[in-house]
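Below: one structure, written as structure tokens.
The values are calculated or read from the model by the stated rules, or taken from the named source; none is laboratory data. Values in this document were obtained by computation on a predicted structure and should not be read as measured data. Cβ placement follows ideal geometry from the backbone for every residue including glycine, while neighbour counts extend to all protein chains displayed.
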Amino acid sequence: MTRQRIFRKIGIVGAVILLPAWFYWGYLENVYVTWPTQPQPEIGRTVPYVVEGVEVYITPDDQQLNSELKWTIIGSGTILMVGVIFSGEFRFS
């Protein structure tokens, strides 16, 4: 296999991981907007989280999921860009 084909496949893997993670993160952001603006310790919503300019309260598990999704998006986006640039698909001339 040539170098271009290897990097093209790497870029495809990055895109396959990036898109579902990005859409799921966006879905969660839309769900969080409807959550209460006051803490609810009885159900575990005690962590403040700002979404679309509104501070809502989420659970520590939701905070962990958001953190993991952000790092997944950053990592897979980086892999996608490396694959696109080094495969020769993105030309500077």
Filtered residues of the range 52-72 (kept if under 25 Å from P20 (Cα atoms), of a type outside the set (S, T, N, Q) and at pLDDT 95 or above):
V56, Y57, I58, P60, D61, D62, L65, E68, L69, K70, W71
Just to be sure I understand the filter: pairs with C-beta atoms under 6 Å, separated by 6 or more residues or on different chains, first member in the range 39-58 and without any contact (Cβ under 8 Å) to a residue 60 or more places away in the chain, second member exposed (fewer than 10 other Cβ atoms within 10 Å of the Cβ) and of a type in the set (V, I, T). Which pairs pass?
V56/T37
So, in the range 6-36, of the ones that are part of a helix (DSSP H, G or I) and of a type in the set (S, T, Y), which residue ends up farthest from E68 (Cα to Cα)?
Y32
Every pair of residues 6+ apart whose Cβ atoms lie under 7 Å, when the first sits in the range 1-20 and is surrounded by fewer than 17 Cβ atoms within 10 Å (Cβ to Cβ) while the second is assigned to a loop (DSSP other than H, G, I, E, B)
Q4/G88
Residue list for the range 37-93, filter: closer than 18 Å to R8 by Cβ and part of a helix (DSSP H, G or I):
S76, G77, T78, I79, L80, M81, V82, G83, V84, I85, F86, S87
Have a look at T37, T59 and point out the one that is over 12 Å from the mean Cα position of the chain (by Cα), farther than 30 Å from R3 by Cα and surrounded by 13 or more Cβ atoms within 10 Å (Cβ to Cβ).
T59
